[in-house]
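Since the structure comes first, as structure tokens, the remarks are kept for the end.
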Amino acid sequence: MVRDDHSLLQENIPAYALGALEGEDARALEAHLQTCESCRTELADYRAVSDSLLAAIPPRQPSPALRKRMQARLPSAQKSARPRFAWSFGQLATGGALLLLLGLNLLSFVQMRELQRQQSDVLRQLQNNQAALAMLSYPETQALAIEAEHVSGTVLLDTERNSAALVMWNLYELTPEQSYQIWLIEPDGHRVSAGLFRAESDLPYTTQPIFSSQDISNFVGIGVTIEPAGGSDQPTGPRVFKVDF
Amino acid sequence: MVRQVAQGDESAFLTLYDCYVGRVHALTTRILGDSMLAEEATQDTFLKLWSRANTYLAERGSLLLWLLTIARRTALDRLRLEKRRPMLSDSTDPAELWQTIPDDKSLPEEARWRSMHFAVQSLSPEHRQVIELAYYQGLSQSEIAEVLGWPLGTVKTRLRAAMEHLREKWNQE
């Protein structure tokens, strides 16, 4: 390294300390610094100057909001920033009133449905009784007695109109999981389902019309058993009564 | 304190923030000019302190110097991102006055930084401008020559002379 090269490179040290030396000049100086102790010392000196320039500015406070924004970025704030529901008194009162209204509406709805169900039951009872009365008034209708241990009544049978009706006294109410099922009995003993029904809860008797898809005169009897709700393909539960035609 | 920050101590972090934010923000404001951009750069600087506190090595220099070095790079990166024209004013912001009177809590280097501030102020406008553009605007000598319309040799001479003057003042303290 000749003296002139050293001097030229040395001149670049202030610019290098400021980060303003570029490209080939910077690379040449860096290579020179590897072997030149005096240039490294001088660079350290200028570095102290450039470092001091970082702090040689009067302090200046940012807005207080910056500290809050900074805090909001810290982990504890991130955790607590999860949405929380803060209810004001007004919101609580409104919510309570809405719940009360909702409850009253629900109660009204339930009462209305109960009334509709009762109305439907009364209508069904009326229609059943009218059907039974109509059959009774028809001269060809047969009246067959139901004689069982706890149940009595009449089977009204009209083979011409292919219809029948059961009028049963003292039937007890079943659980919701159970149902009465009517069976028409073929000559070979095979049973054909003729419908499901429940005992009337507000009347001492139950009237149940029977409409067979087959010619009712082909059957030799009728019976009622207690089956699981929804009915069975063949009788599986206890017999309530059986009447031969 | 830095070790506590590295371990996730938020209280220690906020203590350092309160201690150094004035200096960091002064530097980012000097570089960016715009106070909103400067606040963003200041925030980024402290978030880097939070996430990189474990990389600080005390034997390489003071924490403040480390923090200001990060702040300068952060602000210069932002300046390039914004593609802002360099500020050509040869005078500093009138609001930038060293009004704080040193007290017992002042850092030992405080007096030297204050002297350096006045040393920069005492430079000729041409010399102050090259220092300003090189260090606070991150321009190379060629870029300064282009911006100011000066020959590259003139920029080099003035920059060298300005730095020699500052070095002399620094070593006198």
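Figures for the structure shown
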quantity: B:R73-B:R52 pseudo-label distance in nm [points 7 Å out on the Cα-to-Cβ vector]; calculated: 0.4
quantity: Cut-off under 5 Å, modelled amide H: who pairs with B:L139 long-range; calculated: B:A134
quantity: Summed buried accessible surface, chains A and B, 1.4 Å probe, nearest 100 Å²; calculated: 4300
quantity: Over the protein assembly as shown: helical MRE at 222 nm, DSSP H runs n ≥ 4 each giving -39500 (n - 2.57), nearest 500; calculated: -17500 deg cm²/dmol
quantity: Accessible area in square angstrom per residue, the protein assembly as shown, 1.4 angstrom probe; calculated: 57
quantity: Cα-centred dipole magnitude for segment A:108-245, charges only on beta-carbon of K, R (+1) and D, E (-1), debye, nearest 20; calculated: 300
quantity: Protection-proxy order for peptides A:184-190, B:120-126, each taking the mean of Cβ atoms within 10 Å per residue, highest first; calculated: B:120-126, A:184-190
quantity: Cysteines in the protein assembly as shown lacking a second Cys C-beta under 4.7 Å; calculated: B:C19
quantity: Computed FRET value (nearest 0.05) for A:L106 with A:S152, which takes r as the C-beta separation and R₀ as 60 Å; calculated: 0.90
quantity: Highest-first arrangement of A:40-49, B:153-162, where packing means the average Cβ count within 10 Å; calculated: B:153-162, A:40-49
quantity: Residue (of B:T45, A:A143, A:T236) at the positive-pole extreme of the protein assembly as shown, dipole from beta-carbon charges; calculated: B:T45
quantity: Residues A:D202 and A:F89, FRET efficiency given R0 of 60 Å [Cβ-Cβ distance, rounded to 0.05]; calculated: 0.75
quantity: Over segment B:1-67, volume per residue of the alpha carbon convex hull, in Å³; calculated: 77
quantity: Calculated FRET value between A:L115 and A:E173, using beta carbons and R₀ = 25 Å, to 0.05; calculated: 0.75
quantity: Extension gain (nm, one decimal) between A:E22 and A:R161, 0.36 nm per residue minus Cα-Cα; calculated: 38.6 nm
quantity: Net charge dipole size for the protein assembly as shown [Lys, Arg +1 and Asp, Glu -1 on Cβ; Debye, nearest 20]; calculated: 1720
quantity: Most positive-pole-ward Cα, A:F197, A:Q208, A:Q111, against dipole of segment A:110-216 from beta carbon charges; calculated: A:Q111
quantity: Dmax and Rg, reported as Rg then Dmax, of the protein assembly as shown (C-alpha, Å); calculated: 50.4, 145
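The values are calculated or read from the model by the stated rules, or taken from the named source; none is laboratory data. The shown structure was predicted, so the numbers you read here are calculated from the model rather than taken from an experiment. No Cβ is skipped: glycine too gets one built from the backbone with ideal geometry, and neighbour counts run over all protein chains shown. Areas reflect the complete protein model, heavy atoms only, side chains present, ligands, DNA and RNA absent. Shrake-Rupley method; radii C 1.70, N 1.55, O 1.52, S 1.80 Å.
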